[in-house]
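Colleague: Before I ask anything, here is the structure I am working with.
Where a number appears in this text, it was derived from the coordinates with a stated rule and is not lab data. Computed from a predicted model, the values in this text were never measured in an experiment. Cβ atoms come from the backbone with ideal geometry, glycine included; neighbour counts cover every protein chain shown.
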Amino acid sequence: MKDTNDPAEPGKAADKAAGGAKGPDELRQQIEETRGQLGDTVEELAAKADVKARARARGAELKGKASEAGHVVQDKAAQAGHVVQDKATEAGHVVQAKAAQAGQVVQDKAVQAGHVVQSRATQAGHAVQDNVPRPVRTAVTNAVQAGKRHPGPVLIAGAGAVVAVGLLRRRHNGHH
């Protein structure tokens, strides 16, 4: 067996090394391709050997991921804020509706109580009217009508009556 790299046969070694180039132009093309591949390989090795550049690239990659995660968290927080705001608005409407219902109930109860008081006052008025003798009713009616026609003397007489009642009470209670 013969060695294909034997210097005694230079043509065969060159053909074998060139991958079987069929002519000088094809050999030149293969050399250029090999040089390009070798340049790419050298650049890749240099990039792998440049630790600082790789660290910067990885840092930039991680920074981008962190920024993206921050945006995701920010978006979720905004969505949660909107949900809370919607729930608070809804709860406010419920409270407002219940307050309006309670107000209506209170108003209805007040109207009912007013009717009861009015009815009892009417009954008491009728009871007094039925039990007061006719001459007293006539005298009171005449006094009221006179007071409407001449309010000055009625006010003076009323004030005098108030003073007289006050003096009588003081004497009755032992105050001299």
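Colleague: Treating the beta-carbon of each Lys and Arg as +1 and of each Asp and Glu as -1, no other charges, what is the dipole magnitude of the chain about its Cα centre, to the nearest 20 debye?
Modeller: Computed charge dipole of the chain: roughly 3040 debye.
Colleague: For region 65-122, take N as its residue count and report Rg(C-alpha) divided by 2.2 N^0.38 Å.
Modeller: Details: Rg = 25.0 Å, N = 58, 2.2 N^0.38 = 10.3 Å.
The reported ratio for this selection is 2.43.
Colleague: Work out, in µm²/s and without decimals, the Stokes-Einstein translational diffusion coefficient of the chain at 37 °C, 0.692 mPa s, Rh from Kirkwood over C-alpha pairs. Numbers along the way, then the final one.
Modeller: On the way: Rh = 30.8 Å.
For the chosen part, D equals 107 µm²/s.
Colleague: Same structure, new question: Taking a virtual spin label 7 Å from the Cα of V144 along the C-beta vector, which residues in region 110-131 bring their backbone nitrogen under 20 Å of it?
Modeller: Under cut-off, by backbone N: 118-131.
Colleague: May I ask you to compute the full-extension gain from H82 to L45, defined as 0.36 nm times their residue separation minus their alpha-carbon distance, rounded to one decimal in nm?
Modeller: Answer, rounded to one decimal: 8.1 nm.
Colleague: Still on this model: Show me, for region 91-103, the HN-Hα J-couplings you get by feeding each phi into the Karplus relation (A = 6.51, B = -1.76, C = 1.60, θ = phi - 60°), rounded to Hz, glycine and proline as x.
Modeller: Working through the residues one at a time gives 5, x, 5, 5, 4, 4, 5, 5, 5, 5, 5, 5, x Hz.
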